[in-house]
Structure formats: structure tokens, C-alpha cells
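The values are calculated or read from the model by the stated rules, or taken from the named source; none is laboratory data. What you see is a predicted model; the values in this text were computed from it and never measured. As a convention, Cβ positions derive from the backbone with ideal geometry for all residues, glycine included, and neighbour counts pool all protein chains shown.
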Amino acid sequence: MYLEPFSSGYYLGTCTVTEHGGDGVLLAADEYEDVEAQVYDRYSAFGLPVFVKMGRSHYEVRPDAAVPADTLAVSADIRGKAAIRAHEFREVLVANEISAKMLVQWDEFLDQRLA
């Protein structure tokens with residue numbers, strides 16, 4: 001996935017978005033590592049997941065060796081929520097390190113509140 005700086009919180013990525021039969025958002029494993037290296041400082045963000053924003057929602061991305069290069073594979077429910085057509089070439093926002101840390105903190109906060 002090609003990335004370029006977009007704003008103070010995001011990179012802009014271009015890729016094909018397609019549906020897969022499972023849950024969540026997947027990216028080719030080697031490409032995931034490339035995105036992770038470009039977006040995060042390896043030392044301060046070790047273990048921080050990659051997040052994309054499609055529509056109004058953020059989604060954690062998981063690496064998967066079965067996903068083709070330059071492709072983001074999304075579940076059917078995410079595809080519906082983000083109004084993505086099948087095999088659509090599009091731009092997606094990739095959270096930078098600061099935004100990703102905030103998303104993780106927010107998720108942890110919600111987990112504590114709902115527990």
C-alpha cells in the first residue's frame with residue numbers, strides 16, 4: 001500500500017479494498033510490516049496495531065499472508081458500513097503513531113467502563 005502524509009493524524013493510503021469471509025480488516029503480512037515501519041517508530045510503538053479509517057469508523061488491521069499485495073480485505077459488515085463496492089480501488093486513512101495510541105487508550109477506557 002502506498003502511503004503519503006495527509007494530516008497531523010493520518011497518512012493517506014491507496015489500495016484495492018475487497019471483501020473476505022472472516023471478521024475485521026486484513027492486509028498482506030509483508031505489506032503490514034512495511035506500513036508499520038513507515039507509520040510507527042519501531043522503539044516507541046512496539047506492538048501497536050495498525051488502524052485504518054473508512055467512513056466514520058476506525059478498524060484495527062491484522063496481517064494475513066493470504067491477502068494479495070496492495071489489497072485491504074474487509075469483512076462484509078465493514079464493507080457495508082463504509083459503503084465500499086466490491087474490489088474498489090480507493091483511498092483509506094491510516095492512523096499515525098499518535099492517533100493509534102489514542103485509539104488504543106480509548107478502547108482500553110471503554111473496556112474498563114463496560115466491564
Pick from region 23-47, criterion assigned to a loop (DSSP other than H, G, I, E, B) and modelled with pLDDT of 90 or more, ranking: surrounded by the most Cβ atoms within 10 Å (Cβ to Cβ): A28
Count - residues of region 62-94 that are at pLDDT 90 or above and of a type in the set (A, V, I, L, M, F, W, C): 10
Pair list, Cβ < 8 Å and 6+ apart or interchain, from region 86-106 residues that are touching a residue at least 40 places away in the same chain (Cβ under 8 Å) to residues that are in a helix (DSSP H, G or I) and of a type in the set (V, I, T): V94/V35; V94/V39; A95/V39; N96/V39; E97/V39; A100/V39
Any pair with Cβ under 7 angstrom, 6 or more apart, that starts in region 17-30 at a residue that is over 16 Å from E60 (Cβ atoms) and ends at one that is surrounded by 13 or more Cβ atoms within 10 Å (Cβ to Cβ) and modelled with pLDDT under 90: E19/R79
Any hit, region 79-97, residues being under 14 Å from the mean Cα position of the chain (by Cα), farther than 21 Å from F6 by Cα and of a type in the set (D, E, K, R): yes
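In the set E4, E60, which member is more than 21 Å from D107 (Cα to Cα), in contact with a Leu (Cβ under 9 Å, 6 or more places away or on another chain) and either part of a strand (DSSP E or B) or not acidic (D, E) (or both)?
Result of the check over E4, E60: E4.
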